[in-house]
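*Asks:* The structure under discussion is supplied below as structure tokens; questions concerning it will follow.
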Amino acid sequence: MKTIFSYRLSATGVWGYGFYESEREIGSVSGSTSPNAPVRISGNAVEWYSTFQIDTIVVPGVSRKVKDNRTGGEVYRIVYCEPGFYRLMGGNVSLLAEKRKDAYLFGEQGMPAVALTERISEAEWMPEPGRMEAEPWFRTTVYEDSLSGSMLMAILSFPALWFY
């Protein structure tokens, strides 16, 4: 089991999250505040991006693709199932994401959770001030030790990519 903290980063026209495990940055997700701008995801040997048309009508089955920066190929997609339920699908992996008030639960119904991301407002440690102002935003507890680095990045970036 491990814990990862996400700090929300903001500056004029840009936003993001920095992901930290034991005070060491392991990845980030960022974007600009302009409509339909791509979201960038990096860390754990991944460099991904995702776009989504803001005027898309969100109904069951609508998805948001996450693509590899180098190849442009789809890495995985987030599929909207019903209010509060999404599925992360890619390759031979499928993982249910459930939004519960200020938390996201990852796993399969009736099975032990793989990870839990909870909204926080305080943390014992803060990253060094940089170009952007940082504030504690999420704490992710990963229960599955064998979780791949790419699946971890998909889970950590989910709050920045979900829709509706």
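The values are calculated or read from the model by the stated rules, or taken from the named source; none is laboratory data. From a predicted model like this one, the values you see are computed outputs, not experimental measurements. Neighbour counts run over all protein chains shown; Cβ positions are idealised from the backbone, glycine included.
*Asks:* Please work out which residue is farthest from the chain's Cα centre (by Cα), limiting yourself to segment 34-55 and to residues that are surrounded by 13 or more Cβ atoms within 10 Å (Cβ to Cβ) and not in a strand (DSSP E or B).
*Replies:* Filtering first and then ranking leaves Ala37.
*Asks:* Quick test of your reading of the structure: Leu95 fulfils all but one of (1) in a strand (DSSP E or B); (2) out of contact with any Lys or Arg (no Cβ under 8 Å at 6 or more places or on another chain); (3) over 26 Å from Ser121 (Cβ atoms); (4) among the aliphatic types (A, V, I, L, M). Name the failing condition by number.
*Replies:* (2)
*Asks:* If you don't mind, another one. Within segment 98-111, count every residue that is acidic (Asp, Glu) and assigned to a strand (DSSP E or B).
*Replies:* 1
*Asks:* Can you go through Gly31, Gly72, Gly18 and tell me which one is in a strand (DSSP E or B), more than 23 Å from Val114 (Cα to Cα) and either among the small types (Gly, Ala, Ser) or under 13 Å from the mean Cα position of the chain (by Cα) (or both)?
*Replies:* Gly31
*Asks:* Note down all Cβ pairs under 7 Å where the first residue falls in segment 57-69 and is in a loop (DSSP other than H, G, I, E, B), the second is at pLDDT below 95 and not polar (S, T, N, Q), and they're at least six residues apart or on different chains.
*Replies:* Val58/Phe163; Val58/Tyr164
*Asks:* Please indicate, with yes or no, whether at least one residue in segment 127-145 is loosely packed, with under 15 Cβ neighbours inside 10 Å, modelled with pLDDT of 95 or more and out of contact with any strand residue (DSSP E or B) (no Cβ under 6 Å at 6 or more places or on another chain).
*Replies:* yes
*Asks:* Scan Val75, Val93, Val59 and give me the residue that is at pLDDT 95 or above, over 19 Å from Lys2 (Cα atoms) and surrounded by fewer than 19 Cβ atoms within 10 Å (Cβ to Cβ).
*Replies:* Val59
*Asks:* When the residues of segment 146-161 are filtered to those that are assigned to a helix (DSSP H, G or I) and of a type outside the set (A, V, I, L, M, F, W, C), which remaining residue is farthest from Thr33 (Cα to Cα)?
*Replies:* Applying the filter and picking the extreme gives Gly149.
*Asks:* Would you mind stating whether Ala154 is surrounded by 15 or more Cβ atoms within 10 Å (Cβ to Cβ) and either modelled with pLDDT under 95 or closer than 21 Å to Ser30 by Cα (or both)?
*Replies:* Here the answer is yes, as Ala154 does meet what is asked.
*Asks:* Hey, another quick one. Kindly evaluate Ile78 against the criterion of being in contact with a Lys or Arg (Cβ under 6 Å, 6 or more places away or on another chain) and either more than 18 Å from Tyr17 (Cα to Cα) or assigned to a strand (DSSP E or B) (or both).
*Replies:* Against the criterion (in contact with a Lys or Arg (Cβ under 6 Å, 6 or more places away or on another chain) and either more than 18 Å from Tyr17 (Cα to Cα) or assigned to a strand (DSSP E or B) (or both)), Ile78 qualifies.
*Asks:* Now a separate question. Can you pull out every residue in segment 113-142 that is aromatic (Phe, Trp, Tyr) and not in a loop (DSSP other than H, G, I, E, B)?
*Replies:* Trp137, Phe138 - these are the residues of segment 113-142 that are aromatic (Phe, Trp, Tyr) and not in a loop (DSSP other than H, G, I, E, B).
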